[in-house]
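Peer 1: Right, I'll just put the structure down here and ask away after.
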C-alpha cells in the first residue's frame, strides 16, 4: 500500500460566493506577506486591499491569527497532495527509506518556510497553531510497516519519529536571534540530522 489513509473528515459545504471570497482573501494575504511580512496583515488592511467588507473577513477568519492559520492549512493541503500523488521520492514510487528521508526533509523545509506565519498564527496562551491536515504519524507508520525492519514496536517508533518533525521545536530553535543559528541554517541542520537518523535506522547510506 503506497497511499496512507488520512482521516481528513468530510469537507464542509461552501457556497460559491463564500469560496470565491475565501480564495480572494488568501491570495491577497499572501501578497501582503510577501511585500511587508506578517506585521502588514491586519483585518482592516486585508479587507480594504481585497475590496471586501470587514465583516466578511471576520466571518471567514474570526481573528487576525485565523488568517495565518488558514494560510498554513492551505499550504499543508498542497504538501499532503505532493506526498499522496506527487513524484518520488516524496510521492509514491520510491522505497520506504527514500520516502522517509524525503518526507522529513520537505516537511522541515515547509515548517521553516512558514515560521513567521506560524508565529503570527499563535493565539495568546495557546501556543503554535495546529495543522488539521497533518499526516505525519499515519505516513511514518505506513512506511515503517512496509520496511519490515524487524522492530519490536514500529507504531511506537513512528510516534517518536513524528515528534522529531513537530513545528514547536523549530519555533523554539529560531525564536530569537540569540537562540541559535538562523532559521534556514537550523532547518538544513535538522533535515541533515533527520536523514542521518533514517539511514542509521535502515543501515544504509543514501547520500
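Peer 1: Neighbouring Cβ atoms within 10 Å as the yardstick, rank 74, 185 fewest first.
Peer 2: Final ranking by Cβ density, sparse to dense: 185, 74.
Peer 1: A further question on this structure: Using a 7 Å offset from the Cα along the Cα-to-Cβ direction at both residue 23 and residue 203, what is the distance between the two label points in nm, to one decimal?
Peer 2: 5.2 nm
Peer 1: Shifting gears a bit: Going by how many other Cβ atoms sit within 10 Å of their own, how do 200, 99, 30 line up, fewest first?
Peer 2: Least to most surrounded, the residues fall as 200, 30, 99.
Peer 1: Mark the label point 7 Å from the Cα of residue 146 along Cα→Cβ and return the residues of the range 82-112 whose backbone N is within less than 15 Å of it.
Peer 2: 82-104
Peer 1: If I take R0 = 35 Å and measure r between the Cβ atoms of residue 40 and residue 189 in this structure, what FRET efficiency does the formula 1/(1 + (r/R0)^6) give, to the nearest 0.05?
Peer 2: 0.70
Peer 1: Let me check against my output: what whole-number percent is the relative contact order of the range 12-62, with C-alpha pairs under 8 Å and at least 6 apart? Intermediate values should be presented prior to the final figure.
Peer 2: On the way: 26 pairs, mean separation 15.0, N = 51.
In percent, rounded to a whole number, it is 29.
Peer 1: So for 136, 42, 108, fewest C-beta neighbours within 10 Å to most, what's the order?
Peer 2: Exposure proxy ranking, most exposed first: 42, 136, 108.
No value in this document is a laboratory result; all are computed from the given coordinates. Predicted model, so just to flag it, every value in this text is computed and none were measured. Note that each Cβ is placed from the backbone with ideal geometry, even for glycine, and that neighbours are counted across all protein chains shown.
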